[in-house]
Amino acid sequence: MTAEFVHIVDDDAAVRDALHWLLTSVGREVKCYGSAEAFLESGGEAAPGVLVLDIRMEGMSGLELFGKLKEAGTALPIIFLTGHGDVPLAVDAIKSGAFDFLEKPFDDHEFVKIVERALIAGRKLRRATEQTGEIVRRLQSLSAREMQVMELMVTGRANKVIAAELDIAIRTVEVHRARILTKMGVKTAVALSAVLSSVQGKD
């Protein structure tokens, strides 16, 4: 299984130390950063897990880092740590794709529960991304003619109709159909349509 990390980005060393101790006590791998810049320089966004991010820091703020990660398409779930006055900002961040937020001071047990939920969500997203990537690779293995046949297959057209529309023999359509199903890793046109819909739904 791929190693997961809880990335803690907070310019308060006492907060970093406390959260590091708390999370390692429940068996989590933890990486701490004193600034948003340090997190980016380390390439932390490439490591699977979850990002715990202070919303206000010296230098680049948590919100600015969140914006950069969104622009880069980073899939890391983000939990914001906020002061009382920053709750509206955190709510707006959730509407923009952040996972959750906690207002300081917060309950340790609640914090661990949210981190665990975020880790689960991150795993699901990574699996979905990997599956989408595999489907795209399979699609790229199809020839131009196979793509034409597939586009007509998923509309429910019969072989003879596809043959007529593409001006090819029915036997040729049958051969293409078999190759398409094999390359796409499915057994029926209905299953193929479902696979393609799952990719289109993520666009």
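Laboratory data are not the source of any read-out in this text; all were calculated from the coordinates shown. In this text, all values refer to a predicted model and were calculated from it rather than measured experimentally. Here the Cβ positions follow ideal geometry from the backbone for every residue, glycine too, while neighbour counts run over all protein chains shown.
So the label point goes 7 Å from the Cα of ARG127 along Cα→C-beta, right? Which residues of segment 1-42 then have their backbone N under 15 Å from it? So the set is 1-2.
Assuming R0 = 30 Å, what is the FRET efficiency of ILE170 and VAL199, from their Cβ-Cβ distance, to the nearest 0.05? Computed FRET efficiency for ILE170 and VAL199: 0.55. Given their separation in residues at 0.36 nm each and the Cα-Cα distance between them, VAL26 and ARG56 gain 8.1 nm when the chain is fully extended. An oblate overall shape is assigned to segment 1-45, the ratio a/c of its alpha-carbon gyration tensor axes (a ≥ b ≥ c) being 1.5 or greater and a/b not exceeding b/c.
Neighbours of THR182, meaning other residues whose beta-carbon lies under 11 angstrom from its beta-carbon, give a summed charge of +4 when Lys and Arg score +1 and Asp and Glu score -1. Using the Cβ of LYS68 as centre and a radius below 11 Å, the other residues enclosed give a net charge of -3, where K and R count +1 and D and E count -1. For the chain, the mean residue ellipticity at 222 nm estimated from helices alone is -18500 deg cm²/dmol, where every DSSP H run of n ≥ 4 contributes -39500 (n - 2.57) and the total is divided by all residues, rounded to the nearest 500.
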